[in-house]
1. Given R₀ = 30 Å, what would the calculated FRET efficiency be for residue 97 paired with residue 66, taking r from the Cβ atoms and rounding to 0.05?
2. Expressed in nm to one decimal, what extension gain is obtained for the pair residue 293 and residue 272 from 0.36 nm per residue of sequence separation less their Cα-Cα distance?
3. Could you line up 306, 360 from fewest to most neighbouring Cβ atoms inside 10 Å?
4. So, R0 is 30 Å and r is the distance between the beta-carbons of residue 368 and residue 182; what FRET efficiency does that work out to, to 0.05?
5. Could you give the nm distance between label points at residue 235 and residue 379, where each point is 7 Å from its Cα heading toward the beta carbon?
6. Quick one: if the Förster radius is 25 Å, what FRET efficiency do residue 315 and residue 86 give, using the C-beta to C-beta distance and rounding to 0.05?
7. With a/c under 1.5 counting as rounded, go ahead and sort region 302-417 into rounded, prolate or oblate using the C-alpha gyration tensor (a ≥ b ≥ c being the square roots of the eigenvalues; past the cut-off, prolate if a/b is larger than b/c, else oblate).
8. Determine, for 172, 284, the number of other Cβ atoms within 10 Å of each Cβ, and report the residues in order from fewest to most.
């Protein structure tokens, strides 16, 4: 029998048995993390980034520029790219088709194409296009439409609703007229409709003005709200405003709590005069929230002693309040001075209409009847507007937000100003301008 004796040598003691930490301090408590950093602060231990790299600084997202969720700042593709929606961009000159109105409205339809509202031979006109802007059909209707603005939307039954300065038309999915309502209900006046929504309750709400309330001749032209059923029955007609001329609504949306909120302009006095002869130069931004039959929840004005107009409104990305787009001219009683001093005015208000913040941007072109402006939400929780700059181009595009690549661009794609803007299914935008030009961009407003 034999034995193997194994000796114990102090040199064979391992690091785990040692009383020294990674910093060489006896009985210390420093620890080396996965990035090779040795310290005794556990709060700054190395972590993996989104690409599973220890201590990395990758930005994960979709790196495919053809995907609708393409993220240009991403350094690592996380597999989230969505290429199920075709991304498009184009510029269309619709003035030859839209012979009598330089202002048009355009909205995307459920099949990815577009519906355009304009006028042809002094009559209301609709044109349906495919995804790329190619015409599929067009129709004109026996409703006068050679002046003012017009708007269109696709209804929940797949058809369309056209609203303009003389009235409203409902069609089926192929543009065939189903019903028409001309004039202000119960009045021989034109409604001058500016905007329309289909509420989640199924009814249509149209806004416009100025219109004289036949039951109250003591007031000037009033802002108008008309509620209609899906079948075209007039359910309610309401007037709002003061005693001065030319009060009107420009835009309406369904509020965060399912009511109605409208934005426009309301006249006010000039110094000691309760109303001004130059009534288009003495106004405030006018915002009203109502219930579904037009009962006032709140009505407020925003502005000073001179000229402000409210042009559009959208819900805030966090679902708590609204962003309002308007314009301001502090002419200091010189109504001819607005040309070089008119500004974009952006209001941030809460659900009760309280003014949280105001932003002003110089360089807006001035028109006495109001410079066309339109506002939309972006896919990243931001906002974008289009309007007419005083110089530097014919169309002003401005995008901002906490998670947006902010942009301030003045371009000349044809046309001028901004009549409408809407986010599209590919997270881009469809824009209509004065002069009959339509612009389809990507999410970065490139085309």
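1. E between residue 97 and residue 66, to the nearest 0.05, is 0.50.
2. This chain segment gains 3.9 nm when fully extended.
3. Final ranking by Cβ density, sparse to dense: 360, 306.
4. Using R0 = 30 Å, I get an efficiency of 0.60.
5. 3.5
6. With R0 = 25 Å, the Cβ-Cβ based efficiency is 0.35.
7. The shape class here is oblate.
8. 172, 284
Quick note: the coordinates plus some simple rules give every number you see, no bench work behind them. These numbers were taken from a predicted model, which means no experiment stands behind them. For neighbour counting, all protein chains shown are included, and Cβ atoms are generated from backbone atoms with ideal geometry for every residue, glycine included.
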